[in-house]
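Derivation of every value follows stated rules applied to the coordinates shown; laboratory data play no part. Predicted model, so just to flag it, every value in this text is computed and none were measured. Positions of Cβ are backbone-derived with ideal geometry, glycine not excepted, and every protein chain shown enters the neighbour counts.
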Amino acid sequence: MQPAIAVRELTKTYAEGAASVPALRGVDLEVHPGELVMLVGPSGSGKTTLLSIMGCILSPTSGSVRIAGKETGQMTEKELPQIRLEHIGFVFQGFNLFPTLTAGENVELMLDLKGVRGPAAARRAQELLAQVGLGGKYASFPSDLSGGQKQRVAIARALAGDPEIVLADEPTASLDSHTGRTVMEMMRDLAHERGRAVVIVTHDARVMEFADRTIRIEDGLIAPSAGESASGRDVPLEHIRPHFGEYVHNWLTPQPAQ
Amino acid sequence: MPPLARRNLFHDKIRLTVTLTGIVFAVVLIVVELGLFVGFTVTTSSLVDHSGADLWVTSKHVPYVELGVPFSERKLYQVRAVPGVADAQKLIVRWTDWKRPDGRQESVQIVGINPDDPMPMPWNLVAGSVADLKKPDAVIMDEVYKEKLGVKELGELFEIRGKRARIVGFTRGIRSFTTSPYVFATFKRAQEYASINDDQTVFILVKVAPGADLKQVQANIADSVKDVEVFTSSEFSRMTQFYWMFTTGAGVAVLLAAVLGLVVGFVVVAQTIYATTMDHLKEFGTLKAMGAPNRYVYKVILTQAAISAVLGYALGMVVSAFVVHASQKGGAAILLPWQMAIGMFFLTLLMCTGAALVSISKVTRLDPAMVFKG
Ligand SMILES: Nc1ncnc2c1ncn2[C@@H]1O[C@H](COP(=O)(O)OP(=O)(O)O)[C@@H](O)[C@H]1O
Ligand SMILES: [Mg+2]
């Protein structure tokens, strides 16, 4: 099974005036279709940087980035948007909806980028909103939606691109715990039901249990203690697709479901 | 494409108002200055352009119509004898002094014509007729200059260089570019008003026979009549325009003001369009993160600029139309020919999209990390 994302010996150094800030110092990580990986770690440890590089919106200083088998680490600014469009959906802490567009139009913008327009786009946007439980909110503006509803519109928008990979930075940080759980359940379903590779950066202890795998980043490196061990415990084995079960067995602590 | 550009533009009504005000301001400023330039230019040569003549015969070294030098009117018969000349007439254009009833002197330009000629001068009469010039001491002037010359109504008597002058008609819209209005009289009377010898003229206007070659007739006259120069009307018109607009610098000042309008307008428009882009910077970042190529984002920004341009242009033209209309009653006509109106549209579009380009560089170098900030 080809990993959805594979990074090798990844480094990123920001130039901060004369000084240089090493944000990532050699990270190896694979994320497979159907799994939900959480990135945790202290503030400033490099989580967002790693997510940005995996999302092809930031180029690494060195190392390899493979998205769906394609090496993107050395791609130019011109080629990267196409990779993002084809393979990656983003969900943000601040939702990043377009405030002047309705919920439906927000979704249609993604469809437009994918070349779906007109009545077909409107129909598809309706479907996607219905899938995240917002069937009646097509014409609502973001300002009229609650935080959880906004994040669900954002998820519908990400799904409109039909990405193999969904990346989220603190998607629940702006939500109350109940709403946060609803959103996380959706993200988990994306991985488990639809076979997406989902990577979530979070500080939110309330939602950690949704992880199939938790990666701890410290000082630009993956902390050895985490990674292949712990936190898959809450994921019922039967939710993981059989065809990558072999891989799963390597890191999943065998524990009873729920 | 969902209507992102339009929505972003109309979302913030105050900003939209500021943007449109800036564009309207720029459009009106440029239209007024350019319109003044065109108005001035047309005014300087209006006498030449309305003469109906094909050729102008002048003394040597006459740079423009106001500076004709008298020469013997016997040359008229020589000119008439040149092959290809259908008709030739004398014309006087000459500075002289007008005395107002309150005793103040005003400088005027006396224009002496033969009222029996088919020459279309003076034109655009709103009171009296050209034939009335044949009455004793008769003069015709433009209504715009009534106040300047102390004129109230037809029939009033004045003095030009100590000789009687009676108003028998008014024209409309015959402006002089200089501060001296044109005053029309018969050729004979104009000689007296302007202190020109009674055997002299200032110009000879030539009508070329149908089918004759203008340039050929021009050369023929120059060959067979001594001590004169011959210009086609369009040559003489352009010489006169060039003198007043560029040699005196009057036109340069107006053009400079138009350029200034363009610069000020551009800065104002660039500033507000830049600010609008900055307001939505995070959205553009999100759009780029979603996989939109730069050109997609540019399209949104340029569409926004183009909509602003169209609205600003339309409003600006409405305001300009009022200004242009109001100017018709004043001393300086602002002209807005259709070519200028169309040109203005593209200039506005260019100004707005150019202004948008300033903010586009900001979007090109978007820090992707910003899309992850809460
Ligand atoms: N655009 C940037 N320019 C310079 N330094 C940056 C930039 N983005 C992040 N950094 C630095 O890189 C390190 C990692 O940042 P980040 O990836 O945002 O960490 P996290 O998301 O784990 O809080 C921090 O020291 C941060 O200050
Ligand atoms: Mg972060």
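Quickly work out the A:R194-to-B:R238 label distance, labels modelled 7 Å from Cα along the C-beta direction, and quote it in nm with one decimal.
It works out to 7.1 nm between the two label points.
How would you order B:284-296, A:46-58 from highest to lowest mean count of nearby Cβ atoms within 10 Å? Write out the running numbers ahead of the final one.
On the way: B:284-296: 22.0, A:46-58: 25.4.
Output ranking for B:284-296, A:46-58: A:46-58, B:284-296.
At R0 = 25 Å, how high is the FRET efficiency between B:K329 and B:H50 if r is their beta carbon distance? Nearest 0.05 is fine. Show your work: numbers first, answer last.
Details: r = 20 Å, r/R0 = 0.82.
According to the calculation, E is roughly 0.75.
Sticking with the crude label model, points 7 Å out along Cα→Cβ, report the distance from B:A321 to B:K226 in nm, one decimal please.
In this crude spin-label approximation the distance works out to 6.1 nm.
Could you give the length gained by full extension between B:D12 and B:R172, i.e. 0.36 nm per residue of separation minus their alpha carbon distance, to one decimal place?
Between B:D12 and B:R172, full extension yields an extra 52.8 nm.
When you look at the Cβ of every residue in B:8-19, what mean number of other chain Cβ atoms sits within 10 Å? Before the final figure, lay out each step's value.
Numbers: counts 4, 1, 1, 3, 1, 0, 0, 0, 0, 0, 0, 0.
The mean count of partner-chain Cβ atoms within 10 Å per residue comes to 1.
Can you tell which of A:G118, A:G94, A:G220 shows the greatest fluctuation in a Gaussian network model of chain A with Cα springs below 10 Å?
With Cα springs under 10 Å in chain A, the top fluctuation among A:G118, A:G94, A:G220 is at A:G118.
How well do other chains shield peptide B:278-289, expressed as the mean number of their Cβ atoms within 10 Å of each residue Cβ? Could you put the intermediate results ahead of the total?
Numbers: counts 0, 0, 3, 0, 5, 7, 0, 2, 11, 6, 5, 12.
Other-chain Cβ atoms within 10 Å of each residue's Cβ, averaged: 4.
If you average the sequence gap of Cα pairs under 8 Å that are 6 or more apart and divide by the length of the range B:142-224, what percent do you get for the contact order?
Relative contact order comes out at 22 percent.
Figure the gain on full extension for A:D144 and A:S43 (residue separation times 0.36 nm, minus the Cα-Cα span) and round it to one decimal in nm.
33.2 nm
Which value, in debye to the nearest 20, gives the size of the charge dipole of chain A about its Cα centre, when Lys and Arg are +1 and Asp and Glu are -1 at the Cβ?
Taking the Cα centre of chain A as origin, the dipole is about 380 debye.
Set the Förster radius R0 to 45 Å, insert the Cβ-Cβ distance between B:R104 and B:I342 as r into 1/(1 + (r/R0)^6), and round the FRET efficiency to 0.05. Working shown, then result.
Numbers: r = 45 Å, r/R0 = 1.01.
Calculated value: 0.50.
Restricting to Cα pairs below 8 Å that are 6+ residues apart, what does the relative contact order work out to for the range A:1-156? Please round to a whole percent.
19 percent
Give the percent of DSSP beta bridges with both residues in the protein assembly as shown that are antiparallel, rounded to the nearest 5.
65 percent
Roughly how many debye, to the nearest 20, is the charge dipole of the protein assembly as shown about its Cα centre, given +1 on each Lys and Arg Cβ, -1 on each Asp and Glu Cβ, and no other charges?
Numbers: 63 positive and 62 negative charges, 253 e Å.
So the magnitude is around 1220 debye.
Taking 8 Å as the Cα distance limit and 6 or more residues as the minimum spacing, I'd like the relative contact order of the range B:61-226 as a percentage.
34 percent
What does the charge count around B:I174 come to, taking other residues whose C-beta lies under 10 Å from its C-beta (Lys +1, Arg +1, Asp -1, Glu -1)?
Spelling it out: positives minus negatives among the neighbours equals 0.
Over all residues in A:107-114, what is the mean tally of Cβ atoms on other chains that come within 10 Å of each residue's Cβ?
Mean shielding count: 4.
I need the calculated FRET efficiency for the pair A:D176 and B:V310, taking r as the beta carbon distance and R₀ as 45 Å, to the nearest 0.05. Provide the component values of the computation, followed by the final result.
Details: r = 46 Å, r/R0 = 1.01.
My answer for the efficiency is 0.50.
Can you tell me which of B:206-212, A:74-80 comes out highest on packing, and rank the rest after it, using the mean Cβ neighbours within 10 Å?
B:206-212, A:74-80
Quick check: Cα centre of the range B:308-338 to Cα centre of the range A:26-105, how many Å?
When both Cα centres are located, 54 Å separates them.
Length gain on complete extension for the stretch B:S72 to B:L357, per 0.36 nm per residue less the alpha carbon to alpha carbon distance?
96.1 nm
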